Structure formats: structure tokens, C-alpha cells
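Take a look at the structure set out below.
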Amino acid sequence: MTGATANLDNQTNVTKKTEKRKQKLSFDTLGLDPDLLATVAKAGYEKPTPVQAGLIPLALEGFDLIGQARTGTGKTAAFVLPILQLLESETDVNGPQALVLVPTRELAVQVQTEFEKLRGDLPFRCAAIYGGHSLRTQMIQLKQGLDVIVGTPGRILDHLKRGTLNPSSVTWLVLDEADRMLDIGFRPDIERILRQCPKERQTLLLSATLPAPILQIAKQYMYRPKLINFSTKSLASETIEQFYFSVAEQQKYDLLLKLLQRENPHQAIVFCRTKMGTQRLFRKLERDFDSSSVATIHGDMLQNQRDRTMKNFREGGTKILVATDVVGRGIDVSDISHIINFDIPQLSDDYVHRVGRTGRMGRQGIAFTLVTPVERNLLEGIEKRIGKPLIRVEIEGIESIDWLTSPGRRRYRRAL
Ligand code: AMP
């Protein structure tokens with residue numbers, strides 16, 4: 001498992017095989033140890049998801065893997081379980097055996113929680129190491145010894161530079177949501193970290209999309225990786241209904257209010273483009289909607305505020321969460337019923353990730369995107385990306401701007 005050369009020729013598309021075997025599959029057939037099967041059952045996971053059925057056996061066999069899968073597919077347990085199985089419980093080295101890099105602090109906490117949930121009584125120590133929390137506390141944790149570290153690239157690199165994290169014992173390296181890490185600009189940090197980890201290791205890369213830079217990283221830092229594609233033809237899940245409004249910029253807020261009143265979401269994330277815009281919209285909604293059930297999360301908030309917000313949202317106290325892409329993307333809350341793109345995303349991959357926050361694990365979800373006339377090309381990019389048109393809807397009292405006249409485009413209108 002040296003990381004010097006890479007070969008993408010032996011890509012395996014196991015999607016079809018996995019689909020066929022899905023019905024028959026149970027966790028017992030994946031090669032997992034009995035103690036892990038017990039924790040899986042305790043977690044309430046009855047059947048492996050396709051991603052788990054595809055990844056776990058190959059990971060246990062020692063292959064470097066690229067899994068093309070979005071969040072909400074059970075991808076975390078797909079790498080957590082083989083890592084837990086193959087960690088050495090008796091080791092002289094006090095350094096970490098597994099390093100999982102993730103794009104956001106929230107995702108770091110979620111992945112660590114999954115490790116804790118599936119660890120059961122196994123004596124492994126796992127921590128989330130990310131920016132915004134005390135370096136000193138993390139240094140103490142690292143000194144005391146950790147088997148698994150889940151961290152954001154910036155903070156991990158910081159510890160490597162300070163010498164407070166020794167990567168020489170890392171045998172598992174996971175790049176989770178690799179495309180997102182690259183979007184955020186973590187590529188140089190990731191490469192610096194990869195270069196410092198031992199070449200004798202197993203590397204797993206999970207990503208919803210596989211743009212060229214991801215494949216370059218795979219080529220350079222993975223050993224003959226197998227590519228396993230779990231992306232469905234239409235990237236946004238089948239269980240998500242996807243609509244858009246054509247609206248003038250100055251009417252967006254009124255439309256949002258009407259939409260929230262009308263839909264009365266069980267739980268919703270409202271996405272904005274900028275941190276400032278997010279904060280502004282949150283203040284308005286707090287005033288006009290229901291201050292007790294609205295919250296916001298963005299990169300300008302202190303980490304403990306962000307942690308508190310996520311806890312409230314996860315516990316259901318918060319109904320409407322106004323968020324930016326960076327932090328909103330990793331949110332794994334299974335009850336999210338609505339995604340509202342108050343600002344249409346600039347990148348169609350971001351749309352896929354935003355909408356993927358709902359409809360998780362086969363649940364029903366609904367997504368609305370507000371589109372102004374100057375943003376029609378962004379809408380078209382999204383439709384191309386997901387391979388289907390969004391359905392145009394209108395809401396009473398808000399003028400619908402008629403600008404979609406491109407020939408050959410099938411348009412749907414429906415009054416809400
Ligand atoms: P992920 O895609 O890793 O973010 O997982 C999405 C959610 O699915 C998490 O809340 C997991 O706890 C849950 N989950 C993972 N695997 C299974 C499974 N086999 N059965 C039911 N739920 C699962």
C-alpha cells in the first residue's frame with residue numbers, strides 16, 4: 001500500500017453488482033467482526049446502504065478506494081467500520097493510526113460521533129481536532145494519545161508544524177468530502193499533510209463529485225485506487241422534490257416569508273451566499289417570523305456558538321436554520337424537510353450538496369430555489385448538472401418574473 005504511484009485504470013464500477021446484491025445483503029456478509037456487528041445493530045442500522053455494501057469489503061481487503069458518494073448515503077460508517085476493525089489495539093506507538101480530513105468543523109464532530117457510536121466497547125480513542133477550539137486542550141489530548149483523529153486540514157497542519165502531532169504511525173488516511181475541501185481552498189494544506197504521512201498506508205477518498213483536481217490528488221497520493229461510483233444518474237436524490245421561483249431581487253424576502261408560512265416546515269435550512277447576507281436574513285426572520293425557532297450558522301461565529309446552534313437544530317428546538325454553504329454543507333440532521341436556496345448557489349455542485357441535506361436515508365424532502373432574472377444561467381447550470389429541470393412554481397401575492405423563454409426548454413408551472 002505505498003502511496004507513490006497511482007493507477008486509475010483498474011476502476012471498478014460496482015454499482016450494478018451492488019444493486020443486485022442489495023436485497024440479499026446484510027451486514028453479516030461484509031466481513032465485519034462480531035463486536036462491530038453488535039454495535040451496528042445497536043446503532044439501529046438494519047441493512048447496509050449500497051455505499052457500505054460496496055466499500056466495506058474492499059476496504060477490509062486493503063485497497064485504496066475512491067468512493068463517489070454524497071452525504072446522506074451512509075458513507076461515514078462505510079469508512080468508520082473498516083477502520084475500527086483494522087486498528088491495532090495493542091500498539092507500542094502512541095501516535096494516531098487513522099487520520100480523517102474533513103472540510104468543516106461540524107462534519108468533524110459528526111464523523112467523530114459516528115466513530116464513538118460504532119466503537120462500542122473497543123478501547124480506541126478518537127477526537128475531533130479543528131479550528132476555533134483551544135490549541136492547548138488539543139495538544140493535551142494529542143499528548144495523551146489518540147488512535148483516530150478527525151480534523152480540518154488547517155488545524156491538522158498547524159499541529160504538524162508545531163510538532164504536537166506526529167503522523168509517522170498513520171496507516172489510514174481518509175479524505176472525506178474531498179471536493180468540498182478543494183472548493184474551500186484546502187488543496188495546498190491537504191497535499192502538505194499527505195506528503196508528511198507515511199507512504200505505507202491505506203487511503204480512502206470520498207467525494208460527491210470527481211473533478212480533475214481530485215483525480216490528480218488520487219493519482220499522486222493513492223496506490224492503484226479502485227473507483228466505486230455510487231452517484232445516481234440524477235444526482236439529487238429521487239426522494240427530493242425540487243422547485244424554483246422566478247422572482248425580482250427586492251421581492252425575495254417577502255416570498256420567503258410567505259413560503260415559510262405556507263409550508264410550515266418541520267425543519268428547514270435557508271441557504272445564503274455570504275456570511276453577511278446570512279446574518280442579515282437571520283435578523284429579519286428573527287423579527288418577522290418566530291424568534292424562538294430561527295437560528296443562524298456561518299463562519300464568522302465563534303465555535304462554541306456554532307456548536308450550540310447545531311445542538312439545538314439537531315434536537316429540534318430550531319426549526320429554521322439560516323446558513324452559508326461552508327457550514328451548511330456537512331449538516332447531517334435526518335429530519336430536515338425543506339431546503340430553501342434564498343440565494344441560488346454560484347456552483348451547481350453546491351446545489352447538489354445543499355439539496356442533499358434533505359431527503360436523507362430515503363426520507364421525503366422538498367427544495368425551493370429563488371432565482372432572479374440575472375441568475376437564469378445559474379439555474380440552467382444546475383439543471384444540466386442534475387440532469388433534470390427544476391419545476392417552476394408561483395406563490396400568491398408575489399409577482400413571478402417571466403424570463404424563461406429559451407426555445408426547446410420544457411417548463412413547468414404550478415401554483416402553490
Ligand atoms: P452519512 O451519509 O454518513 O452522513 O449518513 C447519513 C445518516 O445515515 C447518519 O445519520 C447515519 O447515522 C445513518 N446511517 C448510516 N448507515 C446506516 C444504515 N445502514 N442504516 C440506517 N441508517 C444509517
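Consider residue 208 carefully, then state whether it is touching a strand residue (DSSP E or B) at 6+ places or on another chain (Cβ under 6 Å) and either more than 18 Å from residue 115 (Cβ to Cβ) or open to solvent by 20 Å² or more (accessible area, probe 1.4 Å) (or both). Give the derivation first.
On the way: touching a strand residue (DSSP E or B) at 6+ places or on another chain (Cβ under 6 Å): no; either more than 18 Å from residue 115 (Cβ to Cβ) or open to solvent by 20 Å² or more (accessible area, probe 1.4 Å) (or both): yes.
No, not satisfied.
List the strands (runs of 3 or more DSSP E) inside segment 153-266, counting only whole elements, that have at least 3 residues being modelled with pLDDT under 95.
On the way: elements: 172-175, 202-207, 226-229, 240-246.
By residue number, 226-229, 240-246.
Looking at segment 31-43 only, could you name the residues that are hydrophobic (A, V, I, L, M, F, W, C) and open to solvent by 10 Å² or more (accessible area, probe 1.4 Å)?
We begin by selecting, within segment 31-43, every residue hydrophobic (A, V, I, L, M, F, W, C); these are 32, 36-38, 40-41, 43.
Result: 32, 37, 38, 41, 43.
Of all the residues that make up segment 295-335, how many are open to solvent by less than 70 Å² (accessible area, probe 1.4 Å), part of a helix (DSSP H, G or I) and at pLDDT 85 or above?
Looking only at that region, the number is 5.
Please find, within segment 338-362, the residue that is modelled with the lowest pLDDT out of those that are assigned to a loop (DSSP other than H, G, I, E, B) and open to solvent by less than 10 Å² (accessible area, probe 1.4 Å).
To start, the set of residues in segment 338-362 that are assigned to a loop (DSSP other than H, G, I, E, B) comprises 342-347, 356-359.
Applying the additional criterion that residues be open to solvent by less than 10 Å² (accessible area, probe 1.4 Å) yields 344-345, 356-359.
On the way: 344: 97, 345: 94, 356: 79, 357: 80, 358: 78, 359: 69.
The qualifying residue modelled with the lowest pLDDT is 359.
Within segment 239-264, which residues are closer than 24 Å to residue 333 by Cα and in contact with a helix residue (DSSP H, G or I) (Cβ under 9 Å, 6 or more places away or on another chain)? Show your work before the answer.
Of all residues in segment 239-264, those closer than 24 Å to residue 333 by Cα come to 239-244, 256-257, 259-264.
If the condition is that a residue be closer than 24 Å to residue 333 by Cα and in contact with a helix residue (DSSP H, G or I) (Cβ under 9 Å, 6 or more places away or on another chain), then 239, 240, 242, 244, 256, 257, 260, 261 are the ones that fit.
Specify which of the listed residues (154, 120, 145) is over 29 Å from residue 74 (Cβ atoms) and in contact (Cβ under 8 Å) with a residue 12 or more places away in the chain. Write out each step before concluding.
Working: 154 fails: over 29 Å from residue 74 (Cβ atoms); 120 fails: over 29 Å from residue 74 (Cβ atoms).
That would be 145, the only listed residue that is over 29 Å from residue 74 (Cβ atoms) and in contact (Cβ under 8 Å) with a residue 12 or more places away in the chain.
Criterion first (aromatic (Phe, Trp, Tyr), open to solvent by 10 Å² or more (accessible area, probe 1.4 Å), out of contact with any Pro (no Cβ under 9 Å at 6 or more places or on another chain) and over 20 Å from residue 186 (Cβ atoms)) does residue 124 satisfy it?
Details: aromatic (Phe, Trp, Tyr): yes; open to solvent by 10 Å² or more (accessible area, probe 1.4 Å): yes; out of contact with any Pro (no Cβ under 9 Å at 6 or more places or on another chain): yes; over 20 Å from residue 186 (Cβ atoms): yes.
Criteria met by residue 124.
Does residue 262 meet the test of being without any contact (Cβ under 8 Å) to a residue 60 or more places away in the chain and either surrounded by 15 or more Cβ atoms within 10 Å (Cβ to Cβ) or of a type outside the set (S, T, N, Q) (or both)? Walk me through it before giving the result.
Numbers: without any contact (Cβ under 8 Å) to a residue 60 or more places away in the chain: no; either surrounded by 15 or more Cβ atoms within 10 Å (Cβ to Cβ) or of a type outside the set (S, T, N, Q) (or both): yes.
When the stated conditions are applied, residue 262 does not pass them.
Residues in segment 44-94 that are open to solvent by 10 Å² or more (accessible area, probe 1.4 Å), more than 23 Å from residue 179 (Cβ to Cβ) and either more than 13 Å from the ligand (Cβ to nearest atom) or in a helix (DSSP H, G or I) (or both): how many?
Here the count works out to 14.
The values are calculated or read from the model by the stated rules, or taken from the named source; none is laboratory data. Since this is a predicted model, take the numbers as computed values, not measurements. Cβ: placed from backbone, ideal geometry, glycine included. Neighbour counts: every protein chain shown. The area values use the complete protein model at the heavy-atom level, side chains included, leaving out ligands, DNA and RNA. Shrake-Rupley method; radii C 1.70, N 1.55, O 1.52, S 1.80 Å.
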